[in-house]
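S.K.: Got a structure for you, questions after.
The values are calculated or read from the model by the stated rules, or taken from the named source; none is laboratory data. Note that this is a predicted model, so its numbers are computed, not measured. Methodologically, a virtual Cβ is constructed for each residue, glycine included, from the backbone with ideal geometry; neighbour enumeration extends over all protein chains shown.
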Ligand code: FE
Ligand code: FE
Ligand code: ZN
């Protein structure tokens, strides 16, 4: 059994997301900790948050997967962008303590011309300035498609970041099926091989969440264009094999497919039908 859900809007608060996901038929979800384009985060109402926590417990939800802003780039060549990213990361992680024990996913970043080596050091430095021993959130590095100057398109790059972070027991990885496919990992033709490679380089114990997306492009295209389940180049048979794979059971699977509410309800129902 996996946990399945999709991205939700936090506009109506936290309890509302719990109810909405119950209506959608899922048992996990993702949300942006602030406007995906950046900007200030709204204060959390503790009463609202505790109502969500009751739902999570009573309805047996899996771990939730918060998503950082896309503008948060710890390895930009611009110092002010890096400083701003560090601020966002530190504030987001403080806020996550109001919903303890969940997952916080972020894009490692884009090196914007500096090259991956400098970028990896800057990302690790940012994490070293932001993690603390008693924090209750696990911070996830997302596997990236390699579009532009994105860092984190290979398992080796993610391993490098993890190795340079002191409190790396707080770190995990979120595997985005569209991104790894676009990055050249053949999750359709050789899923076992990809997971074996992941285990060898990073360790499967670090794998904490799946972004469950089909891809509009061929394996290795480095494009990052998500597609609905079964309508892309990965295809429904392979998506099903991923959801059913024994080593991926008990993980939260988050749909980031191009859908409206009804589309998500249908994809969640499809995944749930596989689990029966
Ligand atoms: Fe993402
Ligand atoms: Fe993703
Ligand atoms: Zn993507």
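S.K.: Could you give every pair whose Cβ atoms fall below 9 Å, whose first residue belongs to the range 95-121 and is within 26 Å of residue 63 (Cβ to Cβ) and without any contact (Cβ under 8 Å) to a residue 40 or more places away in the chain, and whose second residue is within 16 Å of ligand 3 (Cβ to nearest atom) and assigned to a loop (DSSP other than H, G, I, E, B), counting only separations of at least 6 or pairs across chains?
M.R.: That search, which allows pairs on different chains as well, returns 106/68; 106/69; 106/72.
S.K.: From 51, 42, 57, which residue is outside any loop (DSSP other than H, G, I, E, B) and either at pLDDT below 95 or out of contact with any helix residue (DSSP H, G or I) (no Cβ under 9 Å at 6 or more places or on another chain) (or both)?
M.R.: Numbers: 51 fails: either at pLDDT below 95 or out of contact with any helix residue (DSSP H, G or I) (no Cβ under 9 Å at 6 or more places or on another chain) (or both); 42 fails: outside any loop (DSSP other than H, G, I, E, B).
None of the other options fit; the residue is 57.
S.K.: Return only the number of the condition from (1) buried (at least 23 other Cβ atoms within 10 Å of the Cβ); (2) away from ligand 3 (no atom under 15 Å from the Cβ) that residue 213 does not satisfy.
M.R.: For residue 213, the exception is condition (2).
S.K.: Here's a check for you: in the range 179-193, which residue that is surrounded by 21 or more Cβ atoms within 10 Å (Cβ to Cβ) and assigned to a helix (DSSP H, G or I) is farthest from ligand 1 (Cβ to nearest atom)?
M.R.: Ranking the candidates gives 181 first.
S.K.: Could you identify the single residue in 137, 154 that is surrounded by fewer than 22 Cβ atoms within 10 Å (Cβ to Cβ), modelled with pLDDT of 95 or more and closer than 15 Å to residue 68 by Cβ? Give the steps one after another, and end with the answer.
M.R.: Values: 154 fails: closer than 15 Å to residue 68 by Cβ.
Step by step, each of 137, 154 is checked, and only 137 is surrounded by fewer than 22 Cβ atoms within 10 Å (Cβ to Cβ), modelled with pLDDT of 95 or more and closer than 15 Å to residue 68 by Cβ.
S.K.: A further question follows. I'd like the full set of residues that are more than 15 Å from residue 28 (Cα to Cα) and within 14 Å of ligand 2 (Cβ to nearest atom), limited to the range 243-258.
M.R.: If the condition is that a residue be more than 15 Å from residue 28 (Cα to Cα) and within 14 Å of ligand 2 (Cβ to nearest atom), then 257, 258 are the ones that fit.
S.K.: Looking at 24, 29 in this structure, which one is in contact (Cβ under 8 Å) with a residue 24 or more places away in the chain, under 26 Å from residue 207 (Cα atoms), within 15 Å of ligand 1 (Cβ to nearest atom) and touching a helix residue (DSSP H, G or I) at 6+ places or on another chain (Cβ under 7 Å)?
M.R.: Answer to the selection: 29.
S.K.: Let me ask something additional. Has the range 96-104 got at least one residue that is in a loop (DSSP other than H, G, I, E, B), touching a strand residue (DSSP E or B) at 6+ places or on another chain (Cβ under 6 Å) and either within 16 Å of ligand 1 (Cβ to nearest atom) or within 18 Å of residue 137 (Cβ to Cβ) (or both)?
M.R.: Residues of the range 96-104 in a loop (DSSP other than H, G, I, E, B): 97-102.
From what's left, touching a strand residue (DSSP E or B) at 6+ places or on another chain (Cβ under 6 Å): none.
No: the range 96-104 contains no residue that is in a loop (DSSP other than H, G, I, E, B), touching a strand residue (DSSP E or B) at 6+ places or on another chain (Cβ under 6 Å) and either within 16 Å of ligand 1 (Cβ to nearest atom) or within 18 Å of residue 137 (Cβ to Cβ) (or both).
S.K.: Kindly indicate which of 104, 70 is surrounded by 23 or more Cβ atoms within 10 Å (Cβ to Cβ), within 16 Å of ligand 2 (Cβ to nearest atom) and under 30 Å from residue 51 (Cβ atoms). I'd like the intermediate steps shown before the answer.
M.R.: Details: 70 fails: surrounded by 23 or more Cβ atoms within 10 Å (Cβ to Cβ).
The match here is 104.
S.K.: Being within 16 Å of ligand 1 (Cβ to nearest atom) and either modelled with pLDDT of 95 or more or over 21 Å from residue 213 (Cβ atoms) (or both) is true for just one of 175, 127, 167, 131. Which residue is that?
M.R.: On the way: 127 fails: within 16 Å of ligand 1 (Cβ to nearest atom); 167 fails: within 16 Å of ligand 1 (Cβ to nearest atom); 131 fails: within 16 Å of ligand 1 (Cβ to nearest atom).
It is 175.
S.K.: Examine the range 159-178 for a residue that is over 13 Å from the mean Cα position of the chain (by Cα), buried (at least 23 other Cβ atoms within 10 Å of the Cβ) and within 16 Å of ligand 3 (Cβ to nearest atom), and state whether such a residue exists. Steps first, please.
M.R.: Restricting attention to the range 159-178, the residues satisfying the condition of being over 13 Å from the mean Cα position of the chain (by Cα) are 159-170.
Next, only the ones that are buried (at least 23 other Cβ atoms within 10 Å of the Cβ) stay: 161.
From what is left, the residues that are within 16 Å of ligand 3 (Cβ to nearest atom) are none.
For the range 159-178, residues over 13 Å from the mean Cα position of the chain (by Cα), buried (at least 23 other Cβ atoms within 10 Å of the Cβ) and within 16 Å of ligand 3 (Cβ to nearest atom): absent.
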